[in-house]
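In what follows, a structure is listed as structure tokens, so that the remarks can point back to it.
The values are calculated or read from the model by the stated rules, or taken from the named source; none is laboratory data. All figures in this text were calculated on a predicted structure; none of them were measured in a lab. Cβ sites come from the backbone with ideal geometry, for glycine too, and all protein chains shown count toward neighbours. These accessible areas exclude ligands, DNA and RNA; they are computed on the full protein's heavy atoms, side chains included. Shrake-Rupley method; radii C 1.70, N 1.55, O 1.52, S 1.80 Å.
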Amino acid sequence: MIIGVLNQKGGVGKTTLSINLAAIFSRNGARVLLIDADPQGSALDWAAARNEEPLFSVIGLPRATIHKEINQIAKGYDYVIIDSPPRVTDLARSAIMASDLILIPVQPSPYDIWAADEIIKLINEALIYKQNLKSAFVINRKILNTAIGRDVREALEVYSVPSFEASITQRVIFAESAAQGKAVCEIDEKSLATKEIKAVVKEIMEFLK
Ligand code: ADP
Ligand code: MG
């Protein structure tokens, strides 16, 4: 299973979601590879900040040839997660073509909702060649008890892509864990943040059925 985490907008939580999903899949016993396709190398930096044994492999591959290499690279892994860069269109196209499922993190802000237009266009282009490609929005950095948090799902209905029921709240633990090269489940298995990531994993499984 190849999961591309994409959005042409930066700072929406692609790397945060990629790392934390990879950690839960690994903890569930799967063999997981995280491909850092962002030339900025944030996931590689995360891996370098880590003192413990790696939970999963992380490699850097910031090239628009991922779709050509993916079969070779994915050998021996149950899940490959592609953490994609913002803006670089040829890389996004390549990551989309390499993936079975696209997850699009979006923040509950009108700017994010408008900006999602770009990635949806790229996905729609790819659907011409890849009819089986699945995609979904994952709302990230929701602020509890705010109207914008509730309205975002409705606002995203203008797009052809569904939104997951499971969403992720703005929580300090996401930044704090990253600083130590850890996933939230390693800091606190019982935390609300961990529960949210697990709920996203559960929804991925149901979505792919
Ligand atoms: P992207 O990869 O899309 O550029 P990142 O995952 O790097 O986005 O997230 C951007 C910043 O926001 C990082 O500093 C990250 O720690 C923080 N962040 C992301 N998601 C959350 C969240 N749910 N709660 C708190 N901080 C978050
Ligand atoms: Mg990133």
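Please verify whether residue 156 is touching a residue at least 60 places away in the same chain (Cβ under 8 Å), away from ligand 2 (no atom under 16 Å from the Cβ) and not aromatic (Phe, Trp, Tyr), treating the condition exactly as stated.
Numbers: touching a residue at least 60 places away in the same chain (Cβ under 8 Å): no; away from ligand 2 (no atom under 16 Å from the Cβ): yes; not aromatic (Phe, Trp, Tyr): yes.
When the stated conditions are applied, residue 156 does not pass them.
Scanning the stretch 2-14 for residues that are near ligand 1 (Cβ under 8 Å from one of its atoms) and either surrounded by fewer than 24 Cβ atoms within 10 Å (Cβ to Cβ) or in a loop (DSSP other than H, G, I, E, B) (or both) gives 7, 9, 10, 11, 12, 13.
Of all the numbered requirements in (1) in contact with a Phe, Trp or Tyr (Cβ under 7 Å, 6 or more places away or on another chain); (2) farther than 25 Å from residue 171 by Cα, residue 68 misses one, and that requirement is (1).
The numbered conditions (1) under 30 Å from residue 124 (Cβ atoms); (2) within 16 Å of ligand 2 (Cβ to nearest atom) are all true for residue 163 except (2). When only residues in the stretch 24-40 that are part of a loop (DSSP other than H, G, I, E, B) and farther than 17 Å from residue 73 by Cβ count, which is most open to solvent (accessible area, probe 1.4 Å)? Only one residue tops the list, namely 40. Looking across 21, 44, 17, one residue alone is hydrophobic (A, V, I, L, M, F, W, C), open to solvent by 60 Å² or more (accessible area, probe 1.4 Å) and in a helix (DSSP H, G or I). It is 44. If you go through the stretch 12-46 and pick out every residue that is touching a residue at least 24 places away in the same chain (Cβ under 8 Å) and within 13 Å of ligand 2 (Cβ to nearest atom), you end up with 19. Test residue 136 against the stated conditions and say whether it is over 17 Å from the mean Cα position of the chain (by Cα) and closer than 18 Å to residue 8 by Cβ. Judged against the criteria, residue 136 is not a match. Return the pair list, or none, for Cβ contacts closer than 9 Å from residues in the stretch 73-87 that are open to solvent by 50 Å² or more (accessible area, probe 1.4 Å) and more than 11 Å from ligand 2 (Cβ to nearest atom) to residues that are among the aromatic types (Phe, Trp, Tyr) and part of a helix (DSSP H, G or I), at least 6 apart or on different chains. Qualifying pairs under 9 Å: 78/25. Residues in the stretch 139-149 that are away from ligand 2 (no atom under 16 Å from the Cβ) and either in contact (Cβ under 8 Å) with a residue 24 or more places away in the chain or within 24 Å of residue 15 (Cα to Cα) (or both): 139, 142, 143, 144, 146, 148, 149.
Of all residues in the stretch 47-60 being open to solvent by 60 Å² or more (accessible area, probe 1.4 Å) and in contact with a helix residue (DSSP H, G or I) (Cβ under 9 Å, 6 or more places away or on another chain), which is nearest to ligand 2 (Cβ to nearest atom)? If we take residues in the stretch 47-60 being open to solvent by 60 Å² or more (accessible area, probe 1.4 Å) and in contact with a helix residue (DSSP H, G or I) (Cβ under 9 Å, 6 or more places away or on another chain), then 59 is nearest to ligand 2 (Cβ to nearest atom).
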